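Take a look at the structure below.
Each value in this text was obtained by applying a stated rule to the coordinates, not by laboratory testing. Quick caveat: nothing in here was measured; it's all calculated off a predicted structure. Positions of Cβ are generated from backbone atoms using ideal geometry, with glycine treated the same way; all protein chains shown enter the neighbour counts.
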Amino acid sequence: MKKLLLATSLLGFITTNSFAMEGEGDIFRSSLVVDKLEYQFSDEKATNWDVYGYAGYDINKIYIYSEGEKVKNESANSENQLVYSRAISPFWDAQIGIGYDKNNEAHQTWGIIGLQGLSQYFFETRTTLLLGEDGNMGLKTQAEYDALLTQKLILTPSIQLSAYTKDNEEMGIGSGFSNITIGTRLRYEITREFAPYIGVEWNKNLGNTNDISSLDEVYAVVGMRFWF
């Protein structure tokens, strides 16, 4: 709990002072991006989402992230984060904040330290260190790449990997490497702000996490991406 209180206090202090120091003439921007809103053709027949939004200036921003799934007749499983993000180079942001994960049985609050940006060969990447109230620590990293097949047709392969230091059966996670998800989606941009897509994804639990909750499946998805 002390770690989370410290992270929250530090987030508020940094945010207040950093936004106050923004230079005059710097334009305030905000956006909400529904990166994925899709139906999953699997045994669960779940609806998945991956959403992020930001508000701020070129150097200092506040980000929100939410991703999860909703299965019929069950409450949603979700991972949610609120972070302060500061540009440390033209292509990279350092982040600090708080996270809240929940499933049908339990919930978990995290302190967040992250790095987000554009890596070599234009891969969009984000890596986060999770600091739990119970002493558990996690690491999540994800990357994706937009390959332009035409002006409007875009292929996006992606990968996400997670690991933890402790078992937490209620949250469905085990120590060691926990889960790997690899997918690709093909979208057609009707406008820059709206694009339907189709795709395929492989989702597998690893190690102790797979012992807690066995998962190894490949499924098709259909959905849409939009932003404003």
ask   = Among the listed residues Thr181, Thr125, which satisfies the condition of being within 21 Å of Ile64 (Cα to Cα), without any contact (Cβ under 8 Å) to a residue 24 or more places away in the chain and in a strand (DSSP E or B)?
value = Thr125
ask   = Are any residues in region 136-178 among the hydroxyl-bearing types (Ser, Thr, Tyr) and closer than 19 Å to Glu67 by Cβ, and if so, which ones?
value = Thr141, Tyr145, Thr156, Ser158, Ser162, Tyr164, Ser178
Within region 88-108, tally of residues that are surrounded by 16 or more Cβ atoms within 10 Å (Cβ to Cβ) and either aliphatic (A, V, I, L, M) or part of a strand (DSSP E or B) (or both) = 10
key: Selection status of Thr150, among the hydroxyl-bearing types (Ser, Thr, Tyr) and either surrounded by fewer than 16 Cβ atoms within 10 Å (Cβ to Cβ) or part of a loop (DSSP other than H, G, I, E, B) (or both)   = yes
inquiry  = Tell me the residue from Val200, Val222 that is touching a residue at least 60 places away in the same chain (Cβ under 8 Å) and either surrounded by fewer than 17 Cβ atoms within 10 Å (Cβ to Cβ) or part of a loop (DSSP other than H, G, I, E, B) (or both), please.
reply    = Val222
ask   = Leu131: touching a residue at least 24 places away in the same chain (Cβ under 8 Å), at negative phi and touching a helix residue (DSSP H, G or I) at 6+ places or on another chain (Cβ under 9 Å), yes or no?
value = yes
query = Out of region 37-78, which residues are surrounded by fewer than 16 Cβ atoms within 10 Å (Cβ to Cβ), part of a strand (DSSP E or B) and in contact (Cβ under 8 Å) with a residue 60 or more places away in the chain?
reply = Leu37, Tyr39, Phe41
key: Yes/no for Asp101 being in contact (Cβ under 8 Å) with a residue 40 or more places away in the chain, among the acidic types (Asp, Glu), under 24 Å from Glu69 (Cβ atoms) and touching a Ser or Thr at 6+ places or on another chain (Cβ under 8 Å)   = yes
